[in-house]
Amino acid sequence: MRQDHRLRPLPSRYFAANAVCLELSLAAIDLLAWTRVLLLDGELAAAEPKKLRYRLLHVAARLTRGGRRLRLRIPATWPWRNELATAFHRLATLPVPPADQQTH
């Protein structure tokens, strides 16, 4: 197994705390996988988690609200500005599932 994907030592000596940590880790992996499938294309759609963290998740962008709209403010010098803006645009245009298909 590659070093990027292995599970680090568990943070606690208590089972319940480690179970929560594991569930959060699994949720993060799922979110990255769905992000790659639904929101990204090209090189980033096939990128490893380390590259995605460096290129997309470490940006000093801000979400602002005004005039009933959400705006993503990305620094003009960020090299992957267009890719991140495209991903947020795709996220905003995803269809909402019907109420009878949503899970609670």
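Quick rundown of the values:
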read-out: Residue in the range 76-95 that is touching a Phe, Trp or Tyr at 6+ places or on another chain (Cβ under 6 Å) and free of Cβ contacts under 8 Å to residues at least 60 places away in the same chain present; value: no
read-out: Condition met for P79 (closer than 19 Å to L31 by Cβ and not aromatic (F, W, Y)); value: no
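No lab work stands behind these numbers, since they all come straight from the coordinates. If you're wondering where the values come from, they're calculated on a predicted model, not measured in any experiment. Cβ sites come from the backbone with ideal geometry, for glycine too, and all protein chains shown count toward neighbours.
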